[in-house]
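So the structure is just underneath, and the comments pick up after that.
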Amino acid sequence: MAEPFDDIFKESRIFGTREALSPHYMPRNLLFRDKQIQEIAKYITPSLRGERGRNLFIYGKTGTGKTSCIKNVVDRIRNLPISKAHISYVNCRIYNSRYRVLHKIVSEYMPVYAKRGYGIVDIYEKLISWIEEDGKVLVIVLDEIDIVRDLDDLIYTLTRANGDMKSGGITIVGISNNVAFKENLDPRSLSTLYENELAFPPYNSNELALILKERAEEGFKKNVIDQASINLAAAIAAKESGDARLALKILSKAGEMAEENGAATISTAEITAAAKSAEEEIAYEVINTLPEHQKLIVYAIALLTIHGSKYKKLSDNGDMYLFSGDVYEKYSSLAKSLEKEPKSARWYRKYISDLDMQGIIMTYESGKGIRGHTKLIKLSYPPEKITESIEKTMSQEA
Ligand SMILES: Nc1ncnc2c1ncn2[C@@H]1O[C@H](COP(=O)(O)OP(=O)(O)OP(=O)(O)O)[C@@H](O)[C@H]1O
Ligand SMILES: [Mg+2]
């Protein structure tokens, strides 16, 4: 019998510096983003001179390098020999409310306030007096800003702070990959946040190929992957969305598959297989980080797709679509069984169009039919895998 731990100290034939393929790795070189980095610098420069800068809103689809570029800029600023400018990077996925954001910033500069228990008013006043003390300018980067629950309150508070301070000021850099979130913002927050805008376009397949090539040189051993396989991974990711994170995920998964098969190189067959599983994995991550009620709606759709519903409609190409009304009923009964108040039909329709926009479901309007005009809904991913992955997170949360 083979010893189960035989492989521990065996060197990988495929991987070199494996972290270079991880999405958290900060590459030294950010290709094709010089213009964006220069633009960010242009907006932030006045703040570095101690003048109150102008707010900036950065947007672009997932995996277009927004976080990497801003972190690159933050690092450069921290290395500058100037004392009055301060920049704070806040990941709103973790700090997702006005309180948490302000608390994080204050405790960064005044660690004595790091412990919990200070009220929002205390924290606010500390921040103001710290900035005013010598006319500092604080640049606050809010990455994934759409996730902040009470964003209008946060923006309002930061704007008011600028009005309250006798010297110094706060500049906001907001970042998001969600184009729809601004529809729910108060017009005042909108005009504050969108003072200046900067777009990050998706990468095309040539650009992705070069990004991948650099990472592959560090991530894999020599001669493990050839140009054809890199080009294929780049082409698949470019066709999907121009997402560099997806492209990297395909590459590292293909590496794992080759290693499992005992192969010495990665072939295009592994790239194709890896692409399929990477895309699904990303979808499940997205679904599992959805807000509660949207997740329940997806769960209802998956259950109805598996177990059938009273009414269903076959489309011309044989796909099965669900009626929006049936999904709403199923969702409501799921919510009640979890002792949660179902959202109104108006919210439900908004959630459905958000899910459509994120590519998790596909919808279309039916013509006049048995149930009048209605929306038809279809899942974009295998329903069994979706229910399995949602049930796993629900049992962890329970
Ligand atoms: N121009 C680039 N050069 C090299 N690597 C890049 C580049 N752009 C993105 N990447 C890599 O792609 C991955 C995703 O990038 P990043 O996290 O910056 O995307 P993002 O736009 O912030 O996405 P999201 O909206 O999902 O947060 C990271 O691993 C990053 O290193
Ligand atoms: Mg990001």
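The values are calculated or read from the model by the stated rules, or taken from the named source; none is laboratory data. The shown structure was predicted, so the numbers you read here are calculated from the model rather than taken from an experiment. Virtual Cβ from ideal backbone geometry, glycine too; neighbours counted across all protein chains shown.
Annotations
- Candidates 213, 249, 239, 253: the one that is free of Cβ contacts under 8 Å to residues at least 24 places away in the same chain, touching a helix residue (DSSP H, G or I) at 6+ places or on another chain (Cβ under 8 Å) and not β-branched (Val, Ile, Thr) is 213.
- Listed here are the helices (runs of 4 or more DSSP H) enclosed by region 202-273 that have at least 3 residues being away from ligand 1 (no atom under 16 Å from the Cβ): 227-240, 244-260.
- Unmet criterion (only one of (1) within 21 Å of the chain's Cα centre (by Cα); (2) over 21 Å from residue 148 (Cα atoms); (3) within 9 Å of ligand 1 (Cβ to nearest atom); (4) of a type outside the set (Phe, Trp, Tyr)) for residue 20: (3)
- Condition broken by residue 169, with the remaining ones in (1) over 30 Å from residue 60 (Cβ atoms); (2) surrounded by 14 or more Cβ atoms within 10 Å (Cβ to Cβ); (3) of a type outside the set (A, V, I, L, M) satisfied: (1)
Residue by residue, here is whether (1) closer than 21 Å to residue 177 by Cα; (2) modelled with pLDDT of 95 or more; (3) not in a helix (DSSP H, G or I) holds:
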{"position": "28", "(1), (2), (3)": "no, no, yes"}
{"position": "32", "(1), (2), (3)": "yes, yes, yes"}
{"position": "35", "(1), (2), (3)": "yes, yes, no"}
{"position": "77", "(1), (2), (3)": "no, no, no"}
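- Residue among 193, 138 that is closer than 20 Å to residue 40 by Cβ and in contact with a Ser or Thr (Cβ under 9 Å, 6 or more places away or on another chain): 138
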